[in-house]
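Asker: What follows is a structure written as structure tokens; I'll ask about it next.
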Amino acid sequence: MGIRRLNHAVLYVRDVDRSVAFYGKVLGFRPVTQFPGAAFLRAPDSDNDHDLGLFQVGTDAPGQINGGVGLYHLAWSVHTLTELAEYKRVLIEAGSLVGSSDHGVSKSLYAKDPDGVEFEVSWFVPRDKVTPEMEQSGPPRPLDIDAEIHHWGNLVGAL
């Protein structure tokens, strides 16, 4: 018995149409089902029925208190560092990127959606290339995507 992976996440959002547009433009998610006040989106390379559910709660709904109990962030992975670099460009263009980190075994970008929900887009070093030093790399370091692409090339990461 064991969990295989996260199948989907569901978020309460202030405006479903705005969130559908954001996740579509920035991450390439596409609606599979949509009706007033709700939408179910699938990531471009996913085989899930849906990866993200969105339920509208209205423009007056309070946001999550930073550092309070609740969801910190969602995380999605990409196949290559080249894709991660392209997401960095798109996230910057959208005014959404809030940070990046090198975690040794993964390289991550952090961004926020229009409601302030944080999400991560990561590339994971292939499992057969992970060293014990990488697994115990300590605190995150600044991410230099160009240097990582130079080191790893367009290697498909662990998903």
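The values are calculated or read from the model by the stated rules, or taken from the named source; none is laboratory data. Values in this document were obtained by computation on a predicted structure and should not be read as measured data. Virtual Cβ from ideal backbone geometry, glycine too; neighbours counted across all protein chains shown.
Asker: Quick check on R14: is it farther than 30 Å from G153 by Cβ and either among the acidic types (D, E) or buried (at least 16 other Cβ atoms within 10 Å of the Cβ) (or both)?
Answerer: yes
Asker: I need every pair where a residue in the stretch 87-102 that is within 17 Å of R141 (Cα to Cα) has its Cβ under 6 Å from the Cβ of a residue that is surrounded by fewer than 17 Cβ atoms within 10 Å (Cβ to Cβ) and of a type outside the set (D, E, K, R), sequence separation at least 6 or different chains.
Answerer: S101/P140
Asker: Scan the stretch 96-130 residue by residue and report those that are over 21 Å from L52 (Cα atoms) and part of a loop (DSSP other than H, G, I, E, B).
Answerer: H103, G104, V105, V125, P126, V130
Asker: Next up: With respect to S96, is the statement that it is of a type in the set (S, T, N, Q), within 15 Å of I149 (Cβ to Cβ) and within 13 Å of the chain's Cα centre (by Cα) true?
Answerer: The answer is no for S96.
Asker: Residues in the stretch 42-55: is at least one closer than 30 Å to I149 by Cβ and either in contact with a helix residue (DSSP H, G or I) (Cβ under 6 Å, 6 or more places away or on another chain) or without any contact (Cβ under 8 Å) to a residue 12 or more places away in the chain (or both)?
Answerer: Yes: one or more hits.
Asker: Whether any residue in the stretch 40-52 is part of a strand (DSSP E or B) and in the same structural domain as I145 (by TED's automatic domain parsing) is what I want to check.
Answerer: no
Asker: Can you find a residue that is more than 28 Å from H8 (Cβ to Cβ), part of a loop (DSSP other than H, G, I, E, B) and at pLDDT below 95 anywhere in the stretch 60-72?
Answerer: No; the residues of the stretch 60-72 include none that is more than 28 Å from H8 (Cβ to Cβ), part of a loop (DSSP other than H, G, I, E, B) and at pLDDT below 95.
Asker: State yes or no: is E133 part of a helix (DSSP H, G or I), in contact with a helix residue (DSSP H, G or I) (Cβ under 9 Å, 6 or more places away or on another chain) and more than 24 Å from N7 (Cβ to Cβ)?
Answerer: So E133 fails the test.
Asker: Related question: Consider A38 against the criteria (1) among the aliphatic types (A, V, I, L, M); (2) loosely packed, with under 14 Cβ neighbours inside 10 Å; (3) more than 19 Å from F119 (Cβ to Cβ): it satisfies all of them except one. Which criterion is unmet?
Answerer: (2)
Asker: Working carefully through the options L84, L155, find the one that is within 16 Å of the chain's Cα centre (by Cα), touching a residue at least 60 places away in the same chain (Cβ under 8 Å) and not assigned by TED's automatic domain parsing to the domain that holds A43.
Answerer: Checking each option against the conditions leaves just L84.
Asker: From the residues in the stretch 1-41 that are aliphatic (A, V, I, L, M) and touching a residue at least 60 places away in the same chain (Cβ under 8 Å), which one is farthest from E83 (Cα to Cα)?
Answerer: V13
Asker: Within 17 Å of the chain's Cα centre (by Cα) and acidic (D, E): does that describe D113?
Answerer: yes
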